[in-house]
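This report concerns only the one structure given below.
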Amino acid sequence: MQVSKVFIFYYSILIVGFFFISCTSNSNNDLRNSSNISKKMLILYASDDPLWLPYFSNVITRRIKRESNYSAFEDLEINKEWLLNSIGTLKEVHVEDKLNSFSEKLKAAYLAGKYLKAYKLSHQFMQEAAFLLANQPASVGYAYATLSFWASVSNMRYAKFYAIKYGIIYEKYLPLRIKDELEFQANSELIDQLKNLTKSYISSQKYVQIKNIKNCNVYVDGQELKTNKVLLPPKMQSIVTASCANGKFSQTIIAEKVKEVKISPYYPAAFYKMPTVNALPSELLAQLKLNHILLVFWSHSGKYLDLQLIEAKLKLTVAKTRIDLSAKKNVDEAGDLLLSFLQTNSSQLTKK
């Protein structure tokens, strides 16, 4: 078993465990006592690591059903439709053009001396770039690496960690000619610092084996893979995607933690933020006569849960929150926080 898979497995078991445990003695009964009427609620799930969706979605649903006044349930077909609708418009997006557009906007802010703006935009654009690459496997030339360059220099004044993280990508993929053109436009002193910071990460690369590539076009960070292995800097985060005859595949990896990636096309795709409410399939939902819909987004990479409570008939957001999972204490309390979120907002709706 791969090192990253082992880590993810135990991390997921930890996440699953907290939904069986109530850290507050009164929380088990508070929600049930708030109303004798059981409200019908559909729970829909998304994640940046969809392979683990079943491990935490079933447990969350069971705990809400057991300890709240909601008649909670899942519907895989509606969940699938919601996620597919959320990424459906991406088919019309030319990914390379979109990444080039991000680069130009980031470059303009940086060269205009609006460094704080460029810093903020860098994270937004890199997150959107990861979403595009994960959900629309394609060869994007040097567009992703060029965006990574501007994101990297935009972080040099504020967050060296991200400067290195993005800098490794551009150092890995951009040919010398394009590097020279880009670096000429930026502050030479900053570029020298950046090169020193990334040098050790680039110097020792390792091979990652890509398996089950038959009938698939495989891409690593938007670069089409011509063989069954790829050489990557050990600490660089990479997005492995595939467009296969029987579906799509996406997995975010760090080379030092994996020896191989097995392409296994699956539904759903990876998401890097909560999918849109507007993508909820209205006709299918209307047939269920729901009171509420709870949207749950688990970010494995960011270690948090995003919750969004929806009034079903009008598809209006009633409340939303984020539960931090970055520390054991947060994980221990997460199940109770989720139930408290439902209780508070359920009570407010009842009063209305």
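Before moving on, here are some points about what is shown:
- Electrostatic dipole magnitude of the range 106-198 [Cβ: Lys, Arg +1; Asp, Glu -1; Cα centre; debye, to 20]: 240 debye
- Shown is the FRET efficiency for L176 and E224, computed with R0 = 30 Å from the Cβ-Cβ distance and rounded to the nearest 0.05: 0.90.
- Just so you know, the Rg over Rh for the range 188-343 is 1.09, from Cα atoms, with Rh as the Kirkwood radius.
- Straight-line cross-link reach from K65 at under 20 Å between alpha-carbon atoms covers these lysines, not counting any fewer than eight positions away in the same chain: K39, K40, K289, K320.
- Computed packing ranks the peptides 205-211, 136-142, 43-49 as 43-49, 136-142, 205-211, most packed first, by mean other Cβ atoms within 10 Å.
- Calculated on the Cα set of the range 86-174, radius of gyration then Dmax: 12.7, 38 Å.
- Straight-line cross-link partners of K315 among the aspartates and glutamates, defined as a Cα under 20 Å from its Cα and at least 8 positions apart when in the same chain: E74, D75, E77, E81, E283, D306.
- In the range 189-229, the portion of solvent-accessible area held by carbon and sulfur atoms comes to 44 percent [1.4 Å probe, whole percent, DNA, RNA and ligands not counted].
- Computed over the range 274-352, relative contact order equals 19 percent, with contacts defined as Cα pairs under 8 Å that lie 6+ residues apart.
- Here the range 40-125 is treated as a Stokes sphere of Kirkwood radius computed over C-alpha pairs; at 25 °C and 0.890 mPa s its diffusion coefficient rounds to 149 µm²/s.
The values are calculated or read from the model by the stated rules, or taken from the named source; none is laboratory data. None of these values were measured; they are calculated from a predicted model. So basically every Cβ, Gly included, is an ideal-geometry build from the backbone, and we count neighbours across all protein chains shown. Each accessible area value is taken on the protein alone, full model and side chains, heavy atoms only, with ligands, DNA and RNA left out. Shrake-Rupley method; radii C 1.70, N 1.55, O 1.52, S 1.80 Å.
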